[in-house]
1. Show me the GluC sites (Glu not before Pro) within segment 43-73 that DSSP assigns to loop and that have at most 16 other Cβ atoms within 10 Å of their Cβ.
2. Calculate one ³J(HN,Hα) per residue across segment 39-52 by plugging θ = phi - 60° into the Karplus curve 6.51 cos²θ - 1.76 cosθ + 1.60, and present them in order as whole Hz with x for glycine and proline.
3. Which trypsin sites (Lys or Arg not before Pro) in segment 62-93 sit in a loop by DSSP (not H, G, I, E or B) and have at most 16 other Cβ atoms within 10 Å of their own Cβ?
4. Roughly what would the spin-label model give for LYS58 and ASP262, points 7 Å off Cα along C-beta, in nm?
5. Order LEU94, LEU116 by their accessible area, 1.4 angstrom probe, all chains in place, largest first.
6. Which lysines does LYS193 reach when only Cα atoms under 23 Å apart count, and residues fewer than 8 places away in its own chain are ignored?
7. Return the loop-located trypsin sites (Lys or Arg not before Pro) in segment 162-258 (DSSP other than H, G, I, E, B) with at most 14 other Cβ atoms within 10 Å of their own Cβ; answer none if there are none.
8. Return the FRET efficiency for the residue pair LYS187, LEU286: r is the Cβ-Cβ distance, R0 is 25 Å, and the value is rounded to the nearest 0.05.
Amino acid sequence: MRNDAVYWIWLSQGLGLASMAARTVLERGLDARELYQMDLTALQQLELLRPDLCRSLKKRTLTAACNIWEECERKGYSVITPMSRNYPRSFYALQDPPLVLYVQGDPSLLGKLHNLPVLTVVGTRSATAYGTRVAENMSFDLACAGFIIVSGLAVGIDSCAHNGALRAGKKTIAVLAAGLNVSYPSKNAGLRKRIVEEGGLVLTELEPSATVRSGYFSVRNRLLAGLSQGVLVVEAPQRSGALLTANHALEQGKEVFAVPSDIYDPNAVGTLSLIRDGATPAITALDVAYPYFAHFADH
């Protein structure tokens, strides 16, 4: 008997990355195995998925999904589906929730995030000495205060955020825009290893062999925002993936914080614009932590 995760992998690949149809699947409580076993007529009669999606799904075999599952088994990756107890609860609220998560490290942390203060820290890859110092020190302070720090494992601000949490002796989560088999950026291979060894995890919605593509970063950013209750932007130029992550957070009703800096610095254009438009200025870790106090007082 096949593992149910195989059917979710099949469905995820059939619907495509960041599919709005995935929300329909979760809202209606549809089961991936049952959808696979339906013939085309029965699937179309549900009137829940577009006809072209129904036809595409029925043409897709389980072969690729089985191969992915077996590879994950061999390499020790966890496969998390919406039926798993470790599927992050916050992802159920996304407009385009992932149907499969591939995890390296301890997946049980994902199942606990709804009871913990979680902050996503993002910013430019071309960090200044100021941004580097702020990102690591603020992440360190917040991790010491009990926050789970989430970031994207990129060079620059992301690396500093992860390092700050690790320096505090705390767990951190990295969300990738590639498959788990891909060491990207290669410069951060050692950091990724530390994240896993020290109780954190690395996750992606992309199959293990998926290589880096520019389009994967934008869809990854919604997961960076979705995992946390808030996003802290340390340095971001006018065009930045960090700003996209902040926009996802705003769309999801999350708190956005931004670190003020030199108005003449191109790396500050994005963060200063966020502050001008209503983001909370983050001058100390307490500025970030304070809004969480009321939220977790009820837990």
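The values are calculated or read from the model by the stated rules, or taken from the named source; none is laboratory data. This one's a predicted model, so the numbers in the text were calculated from it and none came from an experiment. All Cβ positions, glycine included, derive from the backbone under ideal geometry; neighbour counts span all protein chains shown. Calculation scope for accessible area: heavy atoms of the full protein, side chains included, ligands and nucleic acids excluded. Shrake-Rupley method; radii C 1.70, N 1.55, O 1.52, S 1.80 Å.
1. Numbers: sites: GLU47, GLU70, GLU71, GLU73; in loops: GLU47.
For GluC sites (Glu not before Pro) across segment 43-73 that sit outside H, G, I, E and B with at most 16 neighbouring Cβ atoms in 10 Å, the list reads GLU47.
2. Coupling constants for segment 39-52: 7, 4, 4, 5, 5, 5, 5, 5, 6, 10, 10, 4, x, 5 Hz.
3. Taking segment 62-93 and a limit of 16 other Cβ atoms within 10 Å, the loop trypsin sites (Lys or Arg not before Pro) found are ARG85.
4. If labels sit at LYS58 and ASP262, their model points lie 6.3 nm apart.
5. LEU116, LEU94
6. Within reach: LYS75, LYS112, LYS170, LYS171.
7. ARG213, ARG239
8. According to the calculation, E is roughly 0.15.
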